[in-house]
Amino acid sequence: MPSGQAGTLREVIRAATATLAQAGVASPRADAELLAAHAAGVDRSRLAVLELSGHRLPDADAARYHELIAARARRVPLQHLTGTAAFGPVTLQVGPGVFVPRPETEALLEWAYGVLEHAGPSPVVVDLCTGSGALALALAERHPGAAVVAVDDSAEALEYTRRNAAGTGIRIHRADVTAAGLLPELDGRVDLLVCNPPYIPEGACLEPEVADHDPHHALFGGPDGMSVIPAVAALAGRWLVPGGAVGIEHDDTTADATVAVLRRAGVFGDIVARTDLTGRPRFVTAVRSGPDNSRREDDA
Ligand code: GLN
């Protein structure tokens, strides 16, 4: 493109917003701005200043921006294009082969923060189906004394987890959470267990960013979305110390089924179905009863 042909930053962002809106992108303006900031190598707050001052992108950046907008219009996830996803206080590297962390999981994170507030100086925390490591990293950052274990069965996902967890003390373990006898050394030792498992019912209709770019394996939990959750509840029963807490994210159609699984285990009290930031049923929490099962749900 000849120099100056790209127009001012404000003009190219306006045109990009229209392109993305037409492609069905849910937040076209925000995505157009974030990708412009990415192409220009500045953060979004600085972008506003450049826009106001009539700035023009150098040709190389303009060409790069054009490519990014074309990819986003083909519904490649924004986070794959920038290479990062924000989750609570952390920024994770993401891309093909790993699930992009979602804002709805921040509700589970907030609940877990509350648990950590009342934990001792060195709680044991486990994040099952960790993916990029989002929950594990955010929890490790919140409680520097915590011993955090992150588990996933995908070698591809774990490459991102390892990169994201570099320099932290997070222990990463490759395993299928539905496998029998997982990590027996954790039996009766865990203070907090969180899990965002694959839970979408097979056949659900998904946006192209999800259907075509998140790993299928990280999304779908069998015909009813419940193929992994019972195994997570069983591990919570085995691993949690009496008084330890578990929080499991689920599909918005499976709150009752998740509560029922925890209730049936017979070793949890305080079983609570909770909603995400948009008010949808999103996760269930429970507390491991004491050795005498004195806080069992049936007794409550
Ligand atoms: N909440 C995610 C979605 O709707 C699914 C997350 C999952 O299966 N763990 O795309």
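Here, each number is a calculation from the coordinates, and none is a lab measurement. All of these numbers come straight from a predicted model, not from anything done at the bench. Reconstructed Cβ throughout: ideal geometry from the backbone, glycine too, with neighbour counts over all protein chains shown.
Remarks
- Test item: Cα-centred dipole of region 1-131, Lys/Arg +1 and Asp/Glu -1 on Cβ, debye: 480 debye
- Around the Cα centre of the chain, unit charges on the Cβ atoms of Lys, Arg, Asp and Glu (plus for the first two, minus for the last two) sum to a dipole of about 560 debye.
- Residue-count net charge about LEU50 - beta-carbon cut-off 10 Å; Lys, Arg +1, Asp, Glu -1: +2
- Remark: region 142-156, residue by residue, has Karplus-estimated 3J(HN,Hα) of 5, 10, x, x, 6, 9, 9, 10, 10, 10, 7, 9, 9, 4, 5 Hz, where x stands for each Gly or Pro and the curve is 6.51 cos²θ - 1.76 cosθ + 1.60 at θ = phi - 60°.
- Fraction of antiparallel bridges per DSSP, the chain only, in percent to nearest 5: 45 percent
- Sequence-separation-based contact order of the chain, relative, with Cα cut under 8 Å and 6+ spacing, percent: 13 percent
- Extension gain for THR8-THR253 works out to 83.5 nm (0.36 nm per residue, less the C-alpha to C-alpha distance).
- Of interest is the spacing of the C-alpha centroids, which for region 215-229 and region 1-51 amounts to 36 Å.
- Beta bridges per DSSP with both ends in region 193-288, % antiparallel, nearest 5: 75 percent
- Sites THR168 and THR275, calculated FRET efficiency, Cβ-Cβ separation with R0 35 Å, nearest 0.05: 0.70
- For LEU52 and GLN22, a Förster radius of 22 Å and the Cβ-Cβ distance give a FRET efficiency of 0.25, rounded to the nearest 0.05.
- Shape category assigned to region 162-300 from the gyration tensor of Cα positions, a/c cut at 1.5: oblate
- Estimated at 0.36 nm per residue, the fully extended path between GLU185 and GLU202 surpasses their Cα-Cα distance by 2.7 nm.
- When the Gaussian network model of the chain links Cα atoms closer than 10 Å, the mean-square fluctuations of GLY131, GLY88, GLY41 top out at GLY41.
- For region 120-132, the Karplus equation 6.51 cos²θ - 1.76 cosθ + 1.60, evaluated at θ = phi - 60°, returns couplings of x, x, 9, x, 9, 10, 10, 10, 8, 6, 5, x, 5 Hz by residue, with Gly and Pro reported as x.
- For region 144-300, size of Cβ-based charge dipole, Lys and Arg +1, Asp and Glu -1, in debye: 640 debye
- Only DSSP H runs of four or more residues enter the estimate; each adds -39500 (n - 2.57), and after division by the residues of the chain the mean residue ellipticity at 222 nm equals -11500 deg cm²/dmol.
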